[in-house]
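**Student:** I am attaching a structure below and will ask some questions about it afterwards.
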Amino acid sequence: MARPTSDTCKMQILPVDWRAITAQGATSTNYQLMPGDRIFVKEDSMVAFDNNLGKLIAPAITVNAGVVPEPQTLLLVLGALLAAAGLAGQRRAAAGRSA
């Protein structure tokens, strides 16, 4: 959390321990929000990937005018996109560890 200071060019950074607050009831970093405070939330990488994938695929869906491709085609396209993003190898490695 960032809180404005009397120096308008600087912000006071207040770290928040979300897990301690929610799991343990700790109050040491559970600050009261004040006018002008800013909260920064780290993105979830899988949600960001899904959003970007949706942006990438949306034009193709529009061009097809709502025609749904065969499941095999979807799997091929998604596999190519994952490989291009470097995620296919990570998924295979994870699958190998769980086997």
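FYI, it's all coordinate maths here, none of it is from the lab. As the structure is a prediction and not an experimental result, all values here were calculated from the model. Methodologically, a virtual Cβ is constructed for each residue, glycine included, from the backbone with ideal geometry; neighbour enumeration extends over all protein chains shown.
**Student:** Using the 10 angstrom Cβ neighbour count as an exposure proxy, how do Ser6, Ser28 rank, fewest first?
**Tutor:** Working: Ser6 5, Ser28 8.
Fewest to most other Cβ atoms nearby, the residues stand as Ser6, Ser28.
**Student:** Sort largest first and round to whole Å: the equivalent ellipsoid semi-axes of region 1-41, each the square root of five times a Cα gyration tensor eigenvalue.
**Tutor:** Here the semi-axes work out to 23, 9, 8 Å.
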